[in-house]
1. Return the residues of the range A:112-146 that are within 22 Å of B:Ala227 (Cβ to Cβ) and surrounded by 20 or more Cβ atoms within 10 Å (Cβ to Cβ); say none if nothing qualifies.
2. Can you tell me which residues in the range A:108-156 are more than 11 Å from chain B (Cβ to nearest Cβ) and aliphatic (A, V, I, L, M)?
3. Might you check whether a residue that is assigned to a loop (DSSP other than H, G, I, E, B), of a type in the set (Ser, Thr, Tyr) and within 12 Å of chain A (Cβ to nearest Cβ) occurs anywhere in the range B:218-226?
4. Do any strands (runs of 3 or more DSSP E) lying entirely in the range A:167-218 carry at least 3 residues that are over 29 Å from B:Ala45 (Cβ atoms), and which ones are they?
5. Look through A:Leu69, A:Leu45 and report the one residue that is in contact (Cβ under 8 Å) with a residue 12 or more places away in the chain, under 15 Å from the mean Cα position of the chain (by Cα) and farther than 26 Å from B:Ala71 by Cβ.
6. On the given criteria, is B:Ile205 assigned to a helix (DSSP H, G or I), touching a residue at least 60 places away in the same chain (Cβ under 8 Å), within 14 Å of another protein chain (Cβ to nearest Cβ) and closer than 20 Å to B:Thr49 by Cα?
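Bear in mind that the values in this text are calculations on the coordinates, not laboratory data. These numbers were taken from a predicted model, which means no experiment stands behind them. Counting neighbours? That spans all protein chains shown, and the Cβs are built from the backbone with ideal geometry, glycine included.
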Amino acid sequence: MNRVVVIDYGMGNLHSVGKALEHVDKNISLSITSDAQQIQDADRLIFPGVGAMRDCMAEIKRLKIDKLLKEARLEKPILGICVGMQAMLDFSEENNGVDCIGLFPGRVERFSEGQKDENNELLKVPHMGWNEVKQTFEHPMWHNIVDKSRFYFVHSYYVTPDTCKENSATIVGESTYPKAFCSALADDNIFAVQFHPEKSQSCGLQLLKNFLSWDGQV
Amino acid sequence: MSLAKRIIPCLDCENGRVVKGVKFLDIRDAGDPVEVAKRYCDQGADEITFLDITASSDDRETTVHTVEAIASQVFIPLTVGGGIRTLEDIRIMLNAGADKVAINTSAVLNPEFVKQAADKFGSQCIVVAIDAKQVSGEGEPLQWEIFTHGGRKPTGLDAIEWAKRMVAYGAGEILLTSMDRDGTKNGFDLALNRAISETVSVPVIASGGVGNLQHLVEGITEGKVDAVLAASIFHFGEFSIPEAKKYMASKGIVVR
């Protein structure tokens, strides 16, 4: 039995992720929980997140999720989604600056308001909707997903590509708004995405399907 | 590479059925919301908006069950509106599987509610729905006012000022309906959409008046909005989502 835990730290609705996982594989054993024992016993972990970083980090620390993730990264596949991905880095600019879990070096910054695209149209913040993800690294998680497929994003903060250079995760997906930002990162057992696979129709469901059979190797 | 403009079919639902009125009257039945939502998702709709227009609050249970059923089969974003009055209403809808909630009348009655909702659940899931009607006469500078209760109650609020205020309070998106155009099939109120979309920093969804595919194009190119919402042209089979996307792409609009 494939034991999957969606880590619940009280931020937002996690049912969508759960429903999408069950849709791609009815035979998984799914728990949505913050229970340490269940997280330790799981075969794979999903680390989602929505909302403001300071509140997220406060709950992550209170529930000792940071410690559990640091242990788990050596043992089993982990999928970070949206704010979950951002929380894996060192630091986010949100809420006047928040220290995050620091699974790997890197910074999270805010999209500047008032930026224009190449047609001189105003780019709105949050970056909301379907954008292309360029696969910058061949990875088993991209199996059966066409390069530059569109995924659903909704976020105002992003992982800057230039801070992920040394001793950090590999940028495996890149998107632009209007400058390039990091839309997918990978490191050992970790694959983390800025977009919402559970809301990205067939491409998103394929990514979740890939995760359910991924062995954590590249 | 750039962000695609979104096409959002809207399901106006009453007592668990999809309906669509003409100027909020003359309601026609357009089917089971779960089937309709699934069909649009399979066709490539970018999001689904579900508006509960049931007048009484007795049937909230039906709405929650419908939202749950849609969310378990549709893996694209789902916005739920209609009768969202309290933080508890929002929590119930998000737990049922909605990704965003649209707040309309309650925002007008208590603007602080939008602030509380954005603080608690995050701006990304708070859509403020604005129903606006042109109030300036011919020859006067254009002006629009906010109306509530399905377009019956004037509020004295200027639409542009209101939109700015709602964004300042934490709205993550504006769903903008022209009451003059809703149900007419004469196209969006482009001046209204442009005025608001160019003023606020968050995405704007144009709503009200779509009668053909060129109207969708104009919403983007002239109304300057980020997403276009339509109901009846899709419900009654006049056009499909793929036809709409193909036409928009042929006019140079980036679609998924």
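1. A:Lys124, A:Val125, A:His127, A:Met128, A:Gly129, A:Trp130, A:Asn131, A:Glu132, A:Val133 - these are the residues of the range A:112-146 that are within 22 Å of B:Ala227 (Cβ to Cβ) and surrounded by 20 or more Cβ atoms within 10 Å (Cβ to Cβ).
2. Those that are more than 11 Å from chain B (Cβ to nearest Cβ) and aliphatic (A, V, I, L, M): A:Val108, A:Met141, A:Ile145, A:Val146.
3. No.
4. It comes to A:180-187.
5. None of the others qualify; the one that does is A:Leu69.
6. Here the answer is no, as B:Ile205 does not meet what is asked.
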